1. Quick one: Karplus J couplings for the stretch 321-327, per residue in order, coefficients 6.51, -1.76, 1.60, θ = phi - 60°, nearest Hz, x for Gly and Pro?
2. Once you treat every alpha carbon in the chain as an equal point and sum by Debye, what is log10 I(q)/I(0) at q = 0.08, 0.14 Å⁻¹?
3. Given N residues in the stretch 100-155, what is its alpha carbon radius of gyration divided by 2.2 N^0.38 Å?
4. Show the residues, 5+ positions off or on another chain, whose built amide H is closer than 5 Å to the amide H of TYR239.
5. By the scheme Lys and Arg +1, Asp and Glu -1, what is the net charge of all other residues having a beta-carbon under 13 Å from that of LEU293?
6. Normalised by the empirical 2.2 N^0.38 Å for globular proteins, what value does the Cα Rg of the stretch 6-89 take?
7. Given GLN141, LEU115, VAL126, which one lies farthest toward the positive end of the charge dipole of the stretch 100-155, if we put +1 on the Cβ of every Lys and Arg and -1 on the Cβ of every Asp and Glu?
8. Where the only charges are on Cβ atoms (+1 Lys, Arg; -1 Asp, Glu), what is the dipole of the chain about its Cα centre, to the nearest 20 debye?
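Read-outs: derived from the displayed coordinates by stated rules, not from any lab. All values reported here derive from a predicted model rather than from experimental measurement. Quick reminder, even Gly has a Cβ in these numbers, built from the backbone with ideal geometry, and neighbours come from all protein chains shown.
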Amino acid sequence: MNIRSHHDAARHIYNEFYLGQVRMATFKVVHRLRIADLLKEGPMTIEELAAATNTHETSLHRIMVTAHQMGLFQMYTDNKTFSLTMISDLMTIDHPMSMHGLIEFTCEEYMEKSLDLIHTTVSTGVPSFTKATPSGEDFYQYLRNDSEKGSTFDSAMTCMDTTVSPLLAQVCDFVDVKSIVDLGGGSGNSVLHILSQNENVTSGTVADMTVVIEDSKTEKRRKARTRRFGDAVCNKINYTPCDLFKKDEWKGLPTADAYMLKNILHDWSDNECDDLLSNVVRKMEGDATKRLLVVEKIVIQEDVQPHKAGHDIVKLIFFKEESTHRSFENFEKIFQRNGLKLTNITPLGDTDYYVFEGRLGTNCQNEAALSCFSMANRLLNVGSPLPGAESVDL
Ligand SMILES: C[S@@+](CC[C@H](N)C(=O)[O-])C[C@H]1O[C@@H](n2cnc3c(N)ncnc32)[C@H](O)[C@@H]1O
């Protein structure tokens, strides 16, 4: 954004916010008509596309020309034949790096309504999501009761994880880890990356809500992960239903060398995080060799680039007030409150993600505070290390 005058500012408002919403609507209609999947086999004329989508040809043409201007499709010199670009390649459903799941999530009615009703959250502090659905349930309860929506959400999470899990598997030290349980691990993308890059990790368990586990066990999901990671890796993964907030259900989980909470704590309040961590600590059975890996984004508010702004608003409309991205200091406090010593912080390349490693035990308070703050400062001062990033022992 290079705004040097009020003319630039006026153009910016027009282009980004007025036309921005129009471009979003164009993107969504193209997605809903599955145009990208239709073009997978090769270029098509507008007549062919209109016939295949049962739409009004001249209207569809105007949509396609705009989508071409947005970079979604190539338009041939006849102005009526279209083909895929790299962007629409990833809108197709079965590309290995498909973003289809994330786009479906973006198009969910509850997402659109929650965003529309954002003013109610601003007035009351209550997540607009609870007003966007007839039942008024909280977000995960809603997904628990609707397997299709749960599956779409899970696919969206996997789409958003194209960089973080491969880096996690590469950069984090799993040398002493033979077994790992990923708590709230969704369809198992992170565990699959860890298993595929670390031969000594021989068993990975994904624990999640029953509806997510059932979805992960379907033939469609099984085939997709076998295609991507191969039989040898997929044979090492297990899926176990567990409500992480129900102590009794933890009995069904295997004991492991490492427990992971990736992208979990930011959805919950401090009290709920304490409930989760106390369950993990109980599962560690007093063994200080076992570790907890919390993988979370650290958002330094002043550093967010404008085109990346918005993560926090998704939390605001879906979850309770306290659920947000936390600071280094917050993580250390949460660990300490639950009898865990923060033993290592590893940045994951330039992703803003960090791995917080905890083991049973407590730092003396001053030592912990000092080490965490000097650590955080070092990480921030060195900027964003590249893959193979430094890991600093506390
Ligand atoms: C933001 S997603 C993160 C998924 C995955 N760990 C990742 O990094 O992509 C949160 C996950 O927590 C799971 N979850 C939410 N509430 C849960 C509960 N009470 N018990 C178990 N899992 C839960 C959701 O189903 C979802 O898979």
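1. Result, rounded to whole Hz: 3, 6, 7, 7, 6, 9, 8.
2. Ignoring solvent entirely, the Cα scatterers give -0.49, -1.36.
3. Details: Rg = 11.4 Å, N = 56, 2.2 N^0.38 = 10.2 Å.
Scaled against compact globular proteins, the figure is 1.12.
4. For TYR239, whose amide H was placed from the backbone, the distant partners under 5 Å are VAL206.
5. Values: positive: LYS262, LYS290, ARG291, ARG359; negative: ASP173, ASP176, ASP182, ASP257, GLU296, GLU357.
Overall, the nearby charge balance is -2.
6. On the way: Rg = 14.0 Å, N = 84, 2.2 N^0.38 = 11.8 Å.
Rounded to two decimals, the normalised Rg is 1.18.
7. Among GLN141, LEU115, VAL126, the one farthest towards the positive end of the dipole of the stretch 100-155 is VAL126.
8. Working: 41 positive and 55 negative charges, 62 e Å.
Its charge dipole is roughly 300 debye.
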